[in-house]
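The values are calculated or read from the model by the stated rules, or taken from the named source; none is laboratory data. Here the structure is a predicted model, which is why all the values come from computation and not from measurement. Counting neighbours? That spans all protein chains shown, and the Cβs are built from the backbone with ideal geometry, glycine included. Calculation scope for accessible area: heavy atoms of the full protein, side chains included, ligands and nucleic acids excluded. Shrake-Rupley method; radii C 1.70, N 1.55, O 1.52, S 1.80 Å.
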Amino acid sequence: MTTTLLPIATGARTRSVVLGFLRPQRARLAGALTLLVAGTIAGLVAPPLLGHIVDLATKDGSTGDFVLAGAGLVGAALFEAVLAGLGIALLAQVGEDTLARLRERFVESALRLPLEQVEKAGAGDLTSRVTNDVAVVAEAARTALPEFTRALLTIVLTLGGMAVLDWRFLVAALLAVPVQAYTVRWYARRAVPLYARQRVAVGAQQHQLLATIDGATTIRAFRIAGEHSGRVAARSQQAVDLLLQGVALQTRFYARLHVAEFAGLAAVLATGFFLVRGDAVSIGTATAAALYFHGLFNPVNVALALVDDAQAAASGLNRLVGVASLTTPARAGSESSDAPSAIEVRGLTFGYHPDRPVLHEVDLTVARGERVAVVGSTGAGKTSLAKVIAGVHDPLSGSVAVPAGEVALITQEVHVFAGPLAEDLRLARPAATDEELWAALAAVDALDWVSKLPEGIETEVGSGGHTLTAAQSQQLAFARLILADPPVAILDEATAEAGSAGARMLERVATAALQGRTAVIVAHRLTQAVTADRVVVLENGRVVQNGPHEALVAEPGPYAVLWQAWSGQRTH
Amino acid sequence: MKPALTKQRRLIATGALLATLHQAGEVSVPFLIGVIIDRAVDGGVGDLFLWLGVLGAVYIGLSYSFRYGARAGARASEQTAHDLRLQVTRRVLHNRGGAEEGRLPGALVSIATSDTARVGGVAVAIVYGTAAVVAVVFTAVLLLWISIPLGLLVLLGLPPLMWLSQFIGKPLEERSETEQEHAAEASGVAADLVEGLRVVKGLHAEEAAVSRYRQRSQIALAATVRSARTEAAYQGVVLTISGLFLAVIATVGGILAVRGEITVGQLISSVGLAQFLVGPLSTFGWVGADFAQARASSRRIEAVLSAPVAVTGGDATPVTPVKGQIDLRVRDVALKIAAGETVGIVATDAAAAAELLRLLSRSSDPADGVVELDGVTLASLEPEDLRAAVLAVEHHTGLFDGTIRAAVSLDRAEPATVDAAMAAADADEVARGLPDGLDAVLGDGARTLSGGQRQRIALARALATEAPVLVLHDPTTAVDAVTEARIAARLRQMREGRTTILVTTSPALLAVTDRVVFLHDGAVRAEGTHGDLAAGDETYRETVLA
């Protein structure tokens, strides 16, 4: 199956979406920036005050003069602390608010995406966006962005301060800029592809470790521990090599910035030297200029080093906005009508590729309340039929209608949502009372083990919580079905993964959960066919037999063969 | 964590030495600024260029020492982490097991990645911590050389100020950390919902899921905003304290300069040095935190590495050629399987079936009984040598990345054997359906294949080993009935002459066995052919045929 990745927004689109998110926060953002500018300016009063102290020292200032200057320094520091502190807090609020709205919009769009589109992209695409990209963007908004803003303000305002001292200091300081500009371009060209490879290598290492550790029992049984240690070692070494290459690149980046620092500092010092000798400025002013420039080292390093963080965040943001700006309308409930049948499939042809249909001209009518089992060998098209009826895929030709209303699809893929068990169940019916939850659990035979959980239905389950077995997770799936209470339910091998003993228990549970519903059951265990009202046999994408179990067993055909194989020695 | 780091001591020492030189260079810069400005008053142009030359030389020195110091530190750190990662992996895979006891795979992976990285990070912490100590000492010497009172003021004043900012900052920082965790939860919930996307979609619970996420996201937002405010307050405190410190130094320094006790250049140097000191002193903060984290990580790694093995003792080799006779007497269960027999074992209790597999592969030894292979107790055999004779494959068995051919042959089995095994497990049909056939690459645990396809390839792998004794647990639960019957017949054929134990309730598989042992309520309830048991035992019929 070819994969079509989910959309990625262009830079321009991302900018306009983010600006849209920021619009309601305009006033706050302006306030934050004003506070930060004021705070930075207060901080930049320090070097001239220190210069003033130097001047006082050369001009025999009195102790009172020094104390006054010192008090000025304390005042400046207090102003800076209060203004910058408020500015940082306000900026963070703007950032967090925007971030929260972006991730909410993203999750909303992601959950509303047609399943078909998600499957075409591969499950990994959406998962990696919701974990990695959200984390990268959040980290950037939380730390990189405010740091970058402050560093940038400090740089710009410091350069302004140098110009105020004497324009020649500014000219001298700007000598460093070409070197820095060159360095950033040099670095970005190398860093971006290197970090991309690094992330891939670290991911591969993680993946290998999980596969190896998860499969430890199998590895021991087949005596392939040596080979697997080797695989882990190779993956780990690869990641280590790339991480070290990254460190080497960073040190070369800083070496270039050191050149810029030296060039600028030497120029500022030489300028000061000649200006003082020519009596154009006082020694205090030269000191202030030198301190200004020395004070630039840190912000410059911070701002430039954040360039690659910014690039990673920007590409993550493009991927988030790509999904977030998809407008999938909230799903309208299936149109129900008074037609006597619950499901009407007419001349259905379906395939994942238009030229390779897996279902051909399928006709199927299911009456209200009827229970139909779909059987056939692997690859016959059973799952595809289930998905098309459930509305996951659209037919290539023909029609599918469900006059009975809402269709629920339960597959063998079990997922227990992280959080209290009750909340997991309430996804199916948000307003359910505790009594309703317990009733649903009782209906699926789960009363026993749920009441033995440490905190009953309030026990944390799922990832990070209490681990449930495959069979228990599937019981929960059926409990959700009861709570959601749809008129039509489609079960796609929902009892398969639990092993043969568990499968029997789940079949009982499924029967209870399907009480009063129209049901289509995809089954490889024929016990489910025996208890169904009707059996539909698929072969190579076509319906080849259709009728109650007793009738089909009696006539020669694939079902009789299947039954023979299944029951084998069962009939004695 | 000591031995792993000791291996890297040369790199760490080199890194520390170079980082120290770098710090010395960084200290010299503000000092030289003072010197050069001083020359403007009473020096010549020659002096300017001389001192700028010195500044240039310092820059070359600090740049190169930083470059190679940072690389040595990083290499030591990464290498330590790599070594530990492999140690953890080897321990987990150790043929006597035991490391997984009480630990989920995800937790072990996190130990092998995050915790090893944290312990490796100690190398970097040592490098920069050492350099910071030397930098503080060097600064102190310079300051005391400029002026003893000023130097003492800085050296005695700075530690309490640092302590004060820590004292005020600590609770703030802790509060901010717990709130950050709260925020991380929001992305956790999102990932969880996306992982369960099919379930959400299947129930049309999108709206419920969205509104639940909104709620969590808003709670997280409130927490992060609180945390950001705390953080901002902390930064304000640090700014105030360092500003106060600078003001005191500058004022006192100015007064000393007026009195002629220090030169103007020395005043400038002192101010620069006092500003510089904040850097190395804050290094102590993160070095301390890193050490504390590394200690906790190291304990977790150590716990895995020193986990008791699951089976102790026994290093004999099975007598060759292995005949394949199994004799098991555990508690009330007595089981005798003759060499070359194909036996089905039906257990009403899933735990009993799983235990049987563990005992036969010597993943655990019976507390109360004995299992024998060809008359020799398994507890006396070296586990790996035993597993060459007895291969027990659990129901949930993983497939690993690589080609189908490699996954089945495990780079040991002959091509003809692989073909036979593929055919017997009906896995040849799976391979034929893929563009590259046997050379198709299975990625990500073969998750692109269906459950039934995975099971058939896993079965082919087991058959291709041609183990003298093969134990299979429910190998065909996801395979349709016709295919299952075909597999059962071919499996029997391929295993002819070798002992095969099928732990299953599948009638298709049981039908091809010589004999079935029915375990119920912790004892052998009945024995006989599948047909006889199905005809004669009601409980058996319920278990197998219902």
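Check region A:362-375 and report whether any residue there is modelled with pLDDT under 85, of a type in the set (A, V, I, L, M, F, W, C) and within 27 Å of B:D480 (Cβ to Cβ). Scanning region A:362-375, I find no residue that is modelled with pLDDT under 85, of a type in the set (A, V, I, L, M, F, W, C) and within 27 Å of B:D480 (Cβ to Cβ), so the answer is no.
Criterion first (open to solvent by less than 30 Å² (accessible area, probe 1.4 Å) and either more than 7 Å from chain B (Cβ to nearest Cβ) or under 25 Å from A:H52 (Cα atoms) (or both)) does A:A255 satisfy it? Write out each step before concluding.
Working: open to solvent by less than 30 Å² (accessible area, probe 1.4 Å): yes; either more than 7 Å from chain B (Cβ to nearest Cβ) or under 25 Å from A:H52 (Cα atoms) (or both): no.
Answer is no for this residue.
Does B:T477 satisfy the criteria of being within 11 Å of chain A (Cβ to nearest Cβ), out of contact with any Phe, Trp or Tyr (no Cβ under 9 Å at 6 or more places or on another chain), of a type in the set (S, T, Y) and not in a helix (DSSP H, G or I)? Answer is yes for this residue.
When B:Q325 is tested against the conditions (1) open to solvent by 50 Å² or more (accessible area, probe 1.4 Å); (2) under 30 Å from B:L142 (Cα atoms); (3) of a type in the set (S, T, N, Q), the lone failure is (2).
Cβ separations smaller than 6 Å between residues 6+ apart or across chains give the following pairs from region B:254-281 residues that are assigned by TED's automatic domain parsing to the domain that holds B:V238 and under 22 Å from B:S242 (Cα atoms) to residues that are aromatic (F, W, Y) and surrounded by fewer than 24 Cβ atoms within 10 Å (Cβ to Cβ): B:G254/A:F66; B:I255/A:F66.
Of the residues in region B:443-453, none is open to solvent by less than 10 Å² (accessible area, probe 1.4 Å), closer than 22 Å to A:A471 by Cα and assigned to a loop (DSSP other than H, G, I, E, B).
Note on region A:411-468: among residues that are among the aliphatic types (A, V, I, L, M) and open to solvent by 70 Å² or more (accessible area, probe 1.4 Å), the one that is nearest to B:L104 (Cα to Cα) is A:L447. Each residue in region A:265-299 was checked for being part of a helix (DSSP H, G or I), more than 10 Å from chain B (Cβ to nearest Cβ) and out of contact with any Leu (no Cβ under 7 Å at 6 or more places or on another chain), and 4 of them qualify. Of all the criteria given as (1) surrounded by fewer than 19 Cβ atoms within 10 Å (Cβ to Cβ); (2) touching a residue at least 24 places away in the same chain (Cβ under 8 Å); (3) part of a helix (DSSP H, G or I), the one not satisfied by A:L562 is (1).
Looking only at region B:335-351, residues that are over 15 Å from B:G324 (Cβ atoms) and either part of a loop (DSSP other than H, G, I, E, B) or touching a Gly at 6+ places or on another chain (Cβ under 7 Å) (or both) come to 3 in all.
Within region B:518-535, track down each residue that is over 19 Å from B:A352 (Cα atoms) and open to solvent by 70 Å² or more (accessible area, probe 1.4 Å). I'd like the intermediate steps shown before the answer.
Within region B:518-535, the subset over 19 Å from B:A352 (Cα atoms) is B:528-535.
Within region B:518-535, just B:D532 meets the criteria.
Screening the candidates B:L158, B:L153, B:L164, B:L172 for the property of being closer than 23 Å to A:Q93 by Cα, in contact (Cβ under 8 Å) with a residue 60 or more places away in the chain and either more than 9 Å from chain A (Cβ to nearest Cβ) or in contact with a Lys or Arg (Cβ under 7 Å, 6 or more places away or on another chain) (or both) yields one hit, B:L172. No other residue among B:S147, B:S165 is open to solvent by less than 20 Å² (accessible area, probe 1.4 Å) and either under 29 Å from B:Y234 (Cβ atoms) or acidic (D, E) (or both) apart from B:S165. Exactly one residue among A:L476, A:L385 is in a helix (DSSP H, G or I) and either over 20 Å from A:I343 (Cα atoms) or of a type in the set (S, T, N, Q) (or both), and that residue is A:L476. Among the residues making up region A:177-224, those that are within 13 Å of another protein chain (Cβ to nearest Cβ) and of a type in the set (G, A, S) are A:A201, A:G203, A:A204, A:A211, A:G215, A:A216, A:A221. Residue count for region A:424-452 satisfying the condition of being within 14 Å of chain B (Cβ to nearest Cβ) and charged (D, E, K, R): 3. Across region A:324-338, a minimum of one residue is classified as more than 10 Å from chain B (Cβ to nearest Cβ), open to solvent by 40 Å² or more (accessible area, probe 1.4 Å) and of a type in the set (D, E, K, R).
Per-residue answers, yes or no, for (1) open to solvent by 10 Å² or more (accessible area, probe 1.4 Å); (2) more than 8 Å from every other protein chain (Cβ to nearest Cβ); (3) not hydrophobic (A, V, I, L, M, F, W, C):
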position: B:A220; (1), (2), (3): no, no, no
position: B:E231; (1), (2), (3): yes, no, yes
position: B:I241; (1), (2), (3): yes, yes, no
position: B:V248; (1), (2), (3): yes, no, no
position: B:I268; (1), (2), (3): no, no, no
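Residues in region A:342-400 that are aromatic (F, W, Y) and open to solvent by 20 Å² or more (accessible area, probe 1.4 Å): A:Y352 alone. Applying the criterion of being over 22 Å from B:A508 (Cβ atoms) and assigned to a helix (DSSP H, G or I) to the residues of region A:511-547, the residue that is least open to solvent (accessible area, probe 1.4 Å) is A:A513. Look at (1) open to solvent by less than 40 Å² (accessible area, probe 1.4 Å); (2) more than 12 Å from every other protein chain (Cβ to nearest Cβ); (3) under 27 Å from A:A373 (Cβ atoms); (4) not in a loop (DSSP other than H, G, I, E, B) and you find that A:A408 fails only one, number (2).
Number of residues in region A:19-63 that are surrounded by 20 or more Cβ atoms within 10 Å (Cβ to Cβ), more than 10 Å from every other protein chain (Cβ to nearest Cβ) and closer than 24 Å to A:T285 by Cβ: the value is 3.
Name the residue that is nearest to B:D38 (Cα to Cα), counting only residues in region A:73-96 that are open to solvent by 30 Å² or more (accessible area, probe 1.4 Å) and more than 7 Å from every other protein chain (Cβ to nearest Cβ).
Of all residues in region A:73-96, those open to solvent by 30 Å² or more (accessible area, probe 1.4 Å) come to A:74, A:78-80, A:82-83, A:86, A:90, A:93.
Still in the running and more than 7 Å from every other protein chain (Cβ to nearest Cβ): A:79, A:83, A:86, A:90.
Values: A:F79: 31, A:L83: 35, A:L86: 39, A:L90: 43 Å.
Ranking the candidates gives A:F79 first.
Checking each residue in region B:529-546 for being outside any helix (DSSP H, G or I) and either among the polar types (S, T, N, Q) or more than 9 Å from chain A (Cβ to nearest Cβ) (or both) picks out B:T529, B:D537. Close contacts from region B:66-88, counting a first residue that is surrounded by 24 or more Cβ atoms within 10 Å (Cβ to Cβ) and a second that is at pLDDT 95 or above and not in a helix (DSSP H, G or I), with Cβ to Cβ under 9 Å and a gap of 6+ residues or different chains, come to none at all.
Sort out which residues of region B:196-205 are of a type outside the set (V, I, T), surrounded by 21 or more Cβ atoms within 10 Å (Cβ to Cβ) and in a helix (DSSP H, G or I), and write them in order of number. Write out each step before concluding.
Keep residues of region B:196-205 that are of a type outside the set (V, I, T), which gives B:196-198, B:201-205.
When the remaining residues are screened for being surrounded by 21 or more Cβ atoms within 10 Å (Cβ to Cβ), the result is B:196-197, B:201-203, B:205.
Once the filter is applied, which keeps residues that are of a type outside the set (V, I, T), surrounded by 21 or more Cβ atoms within 10 Å (Cβ to Cβ) and in a helix (DSSP H, G or I), region B:196-205 yields B:L197, B:K201, B:G202.
From B:A388, B:A423, B:A431, B:A413, grab the single residue that is surrounded by 20 or more Cβ atoms within 10 Å (Cβ to Cβ) and closer than 28 Å to B:G344 by Cβ. Sole residue among the options that is surrounded by 20 or more Cβ atoms within 10 Å (Cβ to Cβ) and closer than 28 Å to B:G344 by Cβ: B:A413. Scanning region A:221-231 turns up no residue that is surrounded by fewer than 18 Cβ atoms within 10 Å (Cβ to Cβ) and under 22 Å from the mean Cα position of the chain (by Cα).
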